[in-house]
């Protein structure tokens, strides 16, 4: 239950409230006065997510959900007035600005603010540079009495905000007893300002040194010394100017020395004062001589290092067995690629690659001598096979330290399921060469990957992450077969004991009846599932350098894996529901629905429910195969109404779409998807209704909720008994439902500790609470047909997910926004060839329970 506290996040003691003598100051964002102009909008951070402690409010949490509710209430105008920025949380003193937009930036709430003259003056002249949020935890409308949850009432320009340590921070000790805590954004701004001032002085110094006709080498030495000296001076413009002048004089003296004009340098470097060091002409000559000697020493060391590396390389080639001398001579030519900067390990890896090449050359030569003409590169290289494993381990280790890995949003399993292993094995076969090159890149070795390649290891990680966190795969038969073409065969078992008579008793000389569990195959069509995958340039950078921003990599993996996971989950769940409903479905012909079409309704409610989802099989080219199963036909005033396909390319007119198969709701829309409310004198609807279900009305009337929901448990138990009866002889071993419906089920009294029955408890087998000894699995994808009303019960492996080609991407292209501007991201189109299918003879291994509100449907 939300409280209704008003929270102002300025530090205690601000404006005289509290002592505040030892309160750390957190700078959440800085308002740059130099960029202000009258009426100009600024963007600043208001508050950030985290758990904090304040002497006024105790411990409180600022969650991402709270920030999202701030934005929702702001956009809805819930407060009933403009949200203002004041000064020091004193709204009666006037508005410093008004918030025009709120948005999330990671875990930060940021806002666009249109400043008033009062606000500009406070920032420019009074030193108010930081924001402090003012919000209530549960806003109550004083007119309607409605509650709206957390609401941002405004914010104040303050000197000391209260919230601290939300970002990686730096401490600027402006007071020995009171540290000022700088967030990364504020520290970066201050650093950039100081560097900008310093670079301007260095630019002017360079121009003056060039005018003195000094050599480029001397100029670079002076500038390097000047930059090192200036970095100690911060953004003190006068001190920087003085330092630049001293180095200019040094340049003048050096120019005179080079021109054989004797002069004594009297330039003071570093801090001014008597304690500074004076550089004479001899000092300058000594410095230049030392640098020359150092350069010669380093050059000699590089030469010796390269010679040692080349020796190591040639020794490795010479010691290789099974390679003739002529081939070794060719292999040793790669020594030109060795540089002094290469490590000994890198040189050994280069030698190993050359030796592997030599083995392939020798193998090809020997086979050719035996009469075999070899195409390609014959080799069996266990190091490359293990390289893919090392690559994935390196990526996993990096991701575990990322933000997404640390907060649990990435699963990163230590061991893959057998299906995922088979799928990745096929992916590795298709993308073997790219994965090997990427492993070498990540290890710091040489590679020829271009900087426009879409990393195959990224796609591999996305597939692994998506399928490893997809619990619905535990409920289906998972198959991989790269030999599949346009169709595939789905295996299933069928039990037949009909020919066994007399309890199997057979007397002498009589025929013995055959009973069997037949292994059969059902035809399924392979369909191409295509998806565009987006990745940031930060991740793409690893194609040309081994340094990776793991936080950016993790965010990209997380978002793309979620899209893929939700897509696969939705298709499988909808197929399981359709297969269950199609068993024993009954046709409903020409149901009169004209009463609903009175000009005020866009929703048609069927007399019978649930509706069976229609199914039309297609081949790879999109051609229909056979007749549609369980079709829906709608006619209004004698004209047929087509199904809305969501493409936006349909011609102008009226279309239908099913918005709830469970409750039988069909909506009428136009070609854009907007609802329409036609008037009709006649309208008829034909469809199929599901009978392989049990219904339970959640409306409890005067009965206690817990007692009433016991009936839902009994309904589930009765459906389980039907499955195990002699008509089906199926042992169900799972339930599939939404977490919301599972929570409703657990409110039944039978879950109470004192009345708990064996088989109906909160033992976690699956990812939801077990019901009637059946493990419960939750749906974790939006837009699936189950909704919050349906429970699917069945035997695992009834539906099959067969993959012919795992998801593989092509070449990337630049992503652009709605204005056609590049976004610094790449998009790569990928596709998977697979079939999701339930053989018709075994659809009786699935059934459903519908839990719905009868009153709500009656009033719909």
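Taken together, the values in this text are just the output of simple stated rules run on the coordinates, not laboratory data. Just so it is clear, the structure is predicted and the values come from calculations on it, not from any experiment. So basically every Cβ, Gly included, is an ideal-geometry build from the backbone, and we count neighbours across all protein chains shown.
Listing for the model above:
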| item | result |
| --- | --- |
| Extended-chain gain in nm, criterion 0.36 nm per residue less alpha-carbon gap, residue 220 and residue 489 | 89.6 nm |
| Rounded, prolate or oblate (a/c below 1.5 giving rounded, otherwise prolate when a/b exceeds b/c) for region 293-369 by Cα gyration tensor | prolate |
| FRET efficiency, 1/(1 + (r/R0)^6) with R0 41 Å, evaluated for residue 104 and residue 237 via beta carbons | 0.60 |
| Inter-site label distance for residue 676 and residue 508 at 7 Å from Cα along Cβ, in nm | 8.3 |
| Separation in nanometres of the label points that stand 7 Å from Cα toward Cβ, at residue 657 and residue 307 | 7.7 |
| For region 775-853 and region 581-630, distance of Cα centres in Å | 22 |
| Residue-span extension gain [residue 75 to residue 43] - 0.36 nm each, minus C-alpha spacing | 9.8 nm |
| Gyration tensor verdict on region 398-440 (Cα atoms; rounded if a/c is under 1.5, prolate if a/b is larger than b/c, oblate otherwise) | oblate |
| Stokes-Einstein D in µm²/s, Kirkwood radius over Cα pairs - region 547-631 at 37 °C with 0.692 mPa s viscosity | 190 |
| Label-point gap, in nm, between residue 722 and residue 353 - each point 7 angstrom along Cα→Cβ | 6.5 |
| Highest-first arrangement of 625-631, 784-790, where packing means the average Cβ count within 10 Å | 784-790, 625-631 |
| Prolate/oblate/rounded label for region 585-689 (Cα gyration tensor, a/c 1.5) | oblate |
| Solution diffusion estimate, µm²/s, Stokes-Einstein, region 91-159, Kirkwood Rh from C-alpha pairs, 37 °C, viscosity 0.692 mPa s | 240 |
| Sorted by Cβ density within 10 Å, fewest first, the residues 404, 468, 819 | 819, 468, 404 |
